[in-house]
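> Structure incoming, see below.
Throughout, read-outs are computed from the coordinates displayed, never taken from laboratory work. Treat the numbers as computed from the prediction; the structure is a model and nothing was measured. Neighbour counts are summed over all protein chains in view; Cβ atoms, including those assigned to glycine, are modelled from backbone coordinates with ideal geometry.
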Amino acid sequence: MAIRVNPGYIDVLDKFGAEDVQLCYQCGDCSTVCSHADDAFKFPRKSMRQLQMGLEEKLETSLEPWLCYYCGQCSEQCPREADPGETMMSLRRWLISRYDITGIASQFFNSRTKEIITVLLVAILTGVYLTFYGISGGSIHVYDGEGAFLPSSFIHAFDLTVGGIMFLFLWLGALRMWYFSMVKGISIPVPWWLYFKKLYEIPFHFVTQKRYAECENNGTSKLYMPWLVHFGLASGYSIMIVLIMVFIVPLQAGPEIRWSLHIFGYLATIGLLTGCIYFVRQRILKTKHVQFKKTHSTDWMFVILLIIITISGIVQHILHRTGYLEAANITYILHMMVVVPWLLRMPFTKWSHLVYRPMAMYFAEIQREAIARQQKLVNPLSITLK
Amino acid sequence: MRTGVFFCQVDEQWKIDIDAIAKYTLNLPEVESVQDLGILPKIDLDKLSDNIISNNLERIVVAGDLPGFFKPVFTKAMARAGGNAKEVRLASFQEHGAKNGHTLDRAKAIVACASFGVPFSLAAVPGGNPVNHATLVIGAGIAGIQASLEIANAGKQVYLVEQSGTIGGHMAMFDKTFPTLDCAACILTPKMVDVGQHEMINLMTLSKVVSVNGKPGAYRVKIKHKARRVDIDSCVACGLCVDACPVKVKSEFDAGISIRKAIYIPFPQAVPNAYLVDEANCRYVLSEGQKCAVCERKCPKDCIILDEKDSSSDIEVGNIIIATGYDLLDVSQINQYGYGKFPNVLTSLEFERLTNASGSTGGKIVCKTKQYNRKIKQDEWVFTPEGMPPRNVAIIHCVGSRNKNYNAYCSRVCCMYSLKFAHLIKEKIPNVNVYEFYIDMRAFGKGYEEFAERIKAEGTHVIRGHSADVSMDGEQMKVRGEDILNDKLVEFEVDMVVLAVGLVPSPGTEALTRMLGISRDKDGWLSELDYNGNPTDTDKGGIYVAGMCQAPKDIPDTVAQASAVAAGVLGSLTNERGIGSMSSLSLSEIEEKAKSVHTL
């Protein structure tokens with residue numbers, strides 16, 4: 001199979017954050033220290049090489065960037081300071097833009113201004129729409145029930161619409177990912193039943209992020225527990241999304257607190273807050289962990305929006321429960337003005353790894369087994385160097 | 001000749017004031033136009049040739065840190081303008097050592113010489129000081145030995161100063177030399193004996209240069225002699241004192257893998273062949289004469305003088321040769337290889353002593369065995385001749401070399417000695433597996449590539465891919481690496497790991513350069529005047545560098561450089577010009593000289 005070489009590819013990736021790839025001299029230290037590299041998926045060195053050679057088509061079909069969780073050991077180890085960890089991160093950004101059919105992702109990754117303008121635009125549109133809806137249908141003095149400013153049934157429908165759009169783009173991306181990695185990128189036959197056999201991988205990795213826990217740096221400070229914090233953050237917004245997509249009506253009802261439901265909201269808020277504070281602290285301090293040294297503008301956008309959402313959500317909740325209904329309504333609109341762009345930009349930014357990572361584990365497991373089957377057919381007595 | 005000067009820089013880090021040089025250049029006779037083209041200019045050939053025609057230029061001077069980079073364009077332009085292409089002159093700041101503000105005058109002189117059409121090295125000849133015929137050589141490794149012998153054989157006095165108790169340096173520790181697999185000692189020891197017996201060589205071991213005064217051609221040097229506490233002339237090296245001595249310490253000569261006493265001889269072929277007392281560990285010295293002194297009582301020749309005091313001497317020399325050599329990088333700071341943590345991870349020098357027939361195992365390559373040390377009440381890992389030979393050995397190249405975290409430079413000799421190790425292991429142990437992890441194989445010298453091919457043909461697994469991970473799985477050591485050419489991740493169970501550790505300048509280098517007033521490069525190696533044209537001279541007249549202290553190099557190169565230094569020194573003694581420092585030459589002196597050469 002002939003592969004077209006794109007000599008300008010390395011410059012493309014430079015914009016996504018992979019600035020030092022040219023420095024790599026192929027010693028293989030990074031693959032050696034990586035706890036996720038194995039015989040089927042050898043990275044990061046191989047990806048670095050493919051990048052240097054401009055093998056865009058090869059990397060497009062690669063799952064390897066998704067198998068990396070950026071523990072940063074490779075970059076700490078790298079004798080050339082070529083930063084393989086950051087390269088894998090940049091490849092993930094680039095892959096997201098490849099999976100995305102709209103082209104929005106690549107605009108976001110390449111231009112901070114465009115992203116800010118888009119987010120502001122969506123926020124203003126949401127604000128205007130919600131304000132008009134509120135004024136036309138209800139009174140600002142009523143929060144819930146008859147004549148409410150923003151009735152929870154309407155918010156429910158609104159949330160589902162926004163969420164639906166988000167998930168549509170996410171799954172379109174996942175479909176393209178499947179096409180790239182499992183159709184275009186693999187030359188050996190993959191039996192159909194493997195897709196069913198390995199299906200459990202998706203929920204398993206989605207929930208546990210087990211492989212992230214495997215690559216924690218040993219011997220670093222006790223405060224450094226990326227897996228735990230990430231788990232808190234991820235479960236935080238997973239719970240939140242379930243709450244607002246399914247249980248928004250009871251959640252918004254009455255000034256009294258329904259502990260059976262609200263307790264989940266509180267727990268999720270704690271998770272989100274801790275996660276935000278942790279990541280902002282690490283990114284501002286640029287601690288010795290290499291993964292925090294280079295922060296892409298899209299990363300900041302994510303964290304800043306999330307902080308505004310969390311704080312405005314808390315304020316709105318307190319105002320509602322303490323009876324300041326007008327203020328609660330206004331805060332609610334502000335809250336929604338951030339939530340909507342935050343949710344809608346998800347499929348086009350790093351956050352989409354929520355879907356792509358478990359999918360990549362799933363595809364990788366299928367590929368692994370397919371390769372093993374093929375090897376057994378081709379070479380029944382495997383001879384290793386030893 | 002109508003001359004046009006063009007400044008074009010390659011490196012923006014090159015901090016030199018181009019404007020000042022340009023102003024100076026405008027006042028030079030015959031210079032018609034001066035242009036500063038900036039950093040890495042894109043030169044338009046047509047415009048340039050038009051410029052040459054309109055200014056009617058007959059000679060072009062291209063000045064900059066690396067003007068050769070732009071020479072083709074200027075030559076073409078000159079040819080297109082119908083001028084003489086040979087009159088494109090280069091004024092290279094890098095080549096003649098004009099690096100910063102302090103060397104602005106030299107940069108001006110370089111441009112001036114080029115504008116006169118005179119090679120800089122012809123015009124800038126330091127000289128004038130009469131030369132003392134004695135020479136000081138600092139460091140008695142193979143470089144110092146070779147230089148001393150060359151000069152002494154020409155009938156001139158040499159003072160050879162060595163810090164340790166014996167001459168020979170690192171080469172004395174080696175087993176074989178690559179690529180010929182000659183016995184290192186067989187080459188070195190005759191030379192050592194020559195040095196010891198030479199009437200023109202004044203050998204001072206356990207000595208250190210403490211101050212240097214004077215000017216080129218007449219240096220006054222103060223040397224401090226540490227007390228040997230054994231009379232060299234009467235000691236017959238019978239060894240009775242060693243048997244009596246109760247103190248045991250690690251042997252420096254054996255790279256720490258064997259034990260010596262506090263009174264010892266570094267190795268049997270040492271020159272001078274006499275024992276010495278290690279002050280830092282001798283019980284008598286430490287207790288200020290209260291305890292022990294067993295050796296003094298046992299000595300049949302009464303040559304041990306434990307109360308001997310340090311002394312010093314002053315000498316006057318004309319030339320100084322620095323041959324201070326190198327040291328290994330401290331590998332325990334690179335923790336992924338487990339050096340110091342796992343017993344059978346060795347540095348290259350430790351392995352060299354292990355495989356050497358005069359080493360503690362008699363040349364048998366074995367793994368360390370656990371022994372109970374009654375004194376510290378702990379198990380210890382030591383080499384004994386009864387140890388088990390390893391079945392699998394990994395050799396890892398580029399440990400701390402070519403690594404921006406440690407040494408960015410290539411240590412130059414590691415590839416070859418690692419291949420040599422593979423051969424020695426294969427030669428001594430039947431059915432052994434040797435895995436060589438390398439990044440790039442640098443077999444650059446005469447017969448080296450053939451040597452590498454030979455080692456590969458011997459069945460060593462030479463793996464392109466660097467290992468960065470040595471781990472212990474129970475009792476079994478494991479080395480993980482990427483076999484890049486086979487596209488595989490590999491993990492081998494090994495019994496011994498040899499690390500090809502990078503080289504750094506020896507510890508006293510910095511103090512010595514400060515004392516002598518010569519410069520070092522960013523890695524700490526001594527700077528030569530010009531790497532291509534003057535690889536043995538330094539900025540200061542009468543001070544030369546030889547061997548590893550200048551940059552990593554192998555034995556043939558070291559010996560060649562040492563002989564070259566001797567030629568320089570002897571030349572300064574016989575020509576009647578005298579010597580001087582390049583840095584003390586003034587701009588007007590060089591200008592005058594250039595003009596006089598020009599008018600001839």
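> At a 10 Å Cβ-Cβ cut-off, how would you order A:166, A:88, B:441, fewest neighbours first?
On the way: A:166 21, A:88 25, B:441 18.
Taking fewest neighbouring Cβ atoms as first place, the list is B:441, A:166, A:88.
> Can you tell me the equivalent ellipsoid semi-axes for the range A:104-367? Use √(5λ) from the Cα gyration tensor, largest first, whole Å.
35, 22, 19
> Tell me which residues come under 5 Å, amide H to amide H, from residue B:203 once H is placed; ignore anything under 5 positions away on its chain.
Here the answer is B:160, since their amide H atoms fall under 5 Å of that of residue B:203.
> With angles folded into 0 to 90 degrees, how steeply does helix B:45-55 sit against the dominant principal axis of chain B? Use alpha carbons for both and round to 10.
50
> Which residue, B:264, B:319, B:132, has the largest displacement toward the positive end of the dipole of chain B when charges sit on each Cβ (Lys, Arg +1; Asp, Glu -1)?
Sorting the options by dipole projection puts first B:264.
> To the nearest whole number, what is the average tally of beta carbon atoms from other chains within 10 Å of the beta carbons of peptide B:481-491? Each step should come with its number before you reach the end.
Working: counts 5, 12, 3, 8, 0, 2, 3, 4, 10, 5, 2.
Across the residues of B:481-491, the mean count of other-chain Cβ atoms within 10 Å is 5.
> Another question about this same structure. Have a look at B:566, B:504, B:588 and report the one farthest towards the positive end of the charge dipole of the range B:479-600, computed about the Cα centre with Cβ charges (Lys/Arg +1, Asp/Glu -1).
The residue sitting farthest along the positive end of the dipole is B:588.
> Take residue A:267, project a point 7 Å from its Cα along the Cβ direction, then tell me which residues of the range A:190-212 have their backbone nitrogen under 20 Å from it.
Correct set: A:203-210.
> If you don't mind, another one. Non-local amide H neighbours of residue B:380 (under 5 Å, H modeled in plane, Pro and chain starts lacking H): which ones?
Answer set, sorted by chain and number: B:371, B:372, B:373.
> Restricting things to Cα coordinates, could you compute the convex hull volume per residue of the range B:329-504 in Å³?
Given the Cα convex hull of the range B:329-504, per-residue volume reads 130 Å³.
> I'd like the Karplus ³J(HN,Hα) series for the range B:202-215: coefficients 6.51, -1.76, 1.60, θ = phi - 60°, whole numbers in Hz, and an x wherever there's a Gly or Pro.
Coupling constants for the range B:202-215: 9, 8, 10, 8, 6, 10, 9, 6, 9, 7, 10, 10, x, 10 Hz.
> Still on this model: What's the magnitude of the charge dipole for the range B:1-100 around its Cα centre, counting Lys and Arg as +1 and Asp and Glu as -1 at the beta-carbon? Answer in Debye, nearest 20.
260
> Please report the relative contact order for the range B:329-504, taking Cα pairs under 8 Å with a sequence separation of at least 6, and give it as a percent rounded to a whole number. Write out the running numbers ahead of the final one.
Values: 343 pairs, mean separation 47.1, N = 176.
Relative contact order here is 27 percent.
> Can I ask one more? Over the Cα atoms of the range B:475-597, each weighted equally, I'd like the Debye log10 I(q)/I(0) at q = 0.09, 0.15, 0.17 Å⁻¹, rounded to two decimals.
Summing over Cα pairs of the range B:475-597 leads to -0.45, -0.83, -0.97.
> For B:458-471, what's the mean count of beta carbons from other chains sitting within 10 Å of each residue's beta carbon? Please report the intermediate quantities before stating the final value.
Details: counts 0, 0, 0, 2, 0, 2, 3, 7, 10, 5, 12, 6, 0, 0.
Other-chain Cβ atoms within 10 Å of each residue's Cβ, averaged: 3.
> Sticking with this structure for a sec: Here are some pairs, B:291/B:368; B:191/B:250; B:420/B:478; which of them have Cα atoms lying more than 25 Å apart in this structure?
B:291/B:368; B:191/B:250
> Tabulate in residue order the Karplus-calculated ³J(HN,Hα) for the range A:113-123, using 6.51 cos²θ - 1.76 cosθ + 1.60 with θ = phi - 60°, rounded to whole Hz; enter x for Gly and Pro.
4, 4, 5, 4, 4, 4, 4, 4, 4, 5, 4
> Pairs of alpha-carbon atoms within less than 8 angstrom and 6+ residues apart define the contacts here; what relative contact order does the range A:104-367 have, in percent?
Across the range A:104-367, relative contact order equals 35 percent.
> A further question follows. Determine the dipole magnitude for the protein assembly as shown: charges of +1 sit on the beta-carbon of Lys and Arg, -1 on that of Asp and Glu, nothing else is charged, the reference point is the Cα centre, and the result goes in debye to the nearest 20.
1320
> Hey, how many Å between the Cα centroid of the range B:63-103 and the Cα centroid of the range A:232-255?
Using only Cα atoms to place each centre, the spacing works out to 73 Å.
> Sticking with this structure for a sec: Given R₀ = 60 Å, FRET efficiency for residue A:15-residue B:26 by Cβ-Cβ distance, to 0.05?
0.85
> Let me check I've understood the local charge: for residue B:223, count other residues with C-beta under 10 angstrom from its C-beta, Lys and Arg +1, Asp and Glu -1. What total comes out? Walk me through the numbers on the way to the answer.
Values: positive: B:208, B:222, B:224; negative: B:314.
So the environment of residue B:223 carries a net charge of +2.
> At a threshold of 8 angstrom on Cα-Cα distance, excluding pairs fewer than six apart, so keeping six or more, what relative contact order does chain B reach in percent?
So the answer I get is 15 percent.
> So, one more: State the Cα centre-to-centre distance between the range A:25-66 and the range B:511-529 in whole Å.
Each part reduced to its Cα centre gives a spacing of 42 Å.
> Sticking with this one: Whole-Hz ³J(HN,Hα) for each residue in the range B:341-353, computed from phi via Karplus 6.51 cos²θ - 1.76 cosθ + 1.60 with θ = phi - 60°, x for glycine and proline: what do you get?
Once θ is set to phi - 60°, the couplings for the range B:341-353 become 9, 9, x, 9, 9, 10, 7, 4, 5, 4, 5, 4, 6 Hz.
> Counting only other chains, what is the mean number of Cβ atoms within 10 angstrom of the Cβ of each residue in peptide A:28-41?
5
> On to the next question. Cysteines of chain A lacking any other cysteine beta carbon under 4.7 Å?
A:24, A:27, A:34, A:68, A:78, A:276
> Counting Lys and Arg as +1 and Asp and Glu as -1, each charge on the Cβ, what is the dipole of chain B about the Cα centre in debye, to the nearest 20? Working shown, then result.
On the way: 66 positive and 72 negative charges, 162 e Å.
With Lys and Arg at +1 and Asp and Glu at -1, about 780 debye.
> Determine the gain in length on full extension of the stretch residue B:225-residue B:12; use 0.36 nm per residue of separation and subtract their C-alpha separation, reporting nm with one decimal.
71.9 nm
> Considering only DSSP states other than H, G, I, E and B, which trypsin sites (Lys or Arg not before Pro) in the range B:375-468 qualify as loop sites with at most 13 other Cβ atoms within 10 Å?
Answer by residue number: B:375, B:377, B:404, B:446.
> Which length gain, in nm to one decimal place, applies between residue A:213 and residue A:172 when the Cα-Cα distance is subtracted from 0.36 nm times their residue separation?
Gain on stretching residue A:213 to residue A:172: 11.9 nm.
> For a test of the definition: using alpha carbon positions, the gyration tensor, and the 1.5 limit on a/c, classify the range A:94-193 as rounded, prolate or oblate.
Because a/c hits 1.5 or more and a/b fails to exceed b/c, the range A:94-193 counts as oblate.
> Give me the distance between the Cα centres of the range A:312-386 and the range B:437-501, rounded to whole Å.
With the range A:312-386 and the range B:437-501 each reduced to a Cα centre, they are spaced 41 Å.
> Sticking with this one: Around residue B:327, which amide H atoms from residues at least 5 apart in sequence, or from another chain, sit under 5 Å from its own amide H, with H modelled in the peptide plane?
HN-HN under 5 Å from residue B:327: B:504, B:506.
> On to the next question. So which lysines pass the test for residue B:15, namely a Cα distance under 20 Å, with those fewer than 8 places away in the same chain ruled out?
B:23, B:99, B:108, B:522
> Could you list the square roots of 5 times each eigenvalue of the Cα gyration tensor of the range A:1-137, that is, the equivalent ellipsoid semi-axes, sorted largest first and rounded to whole Å? Let's see the in-between values first.
Values: eigenvalues 274, 54, 38 Å².
They are 37, 16, 14 Å, listed largest first.
> Here is a follow-up. Measuring from label point to label point, each 7 Å out along Cα→Cβ, what is the residue A:111 to residue B:104 span in nm?
4.7
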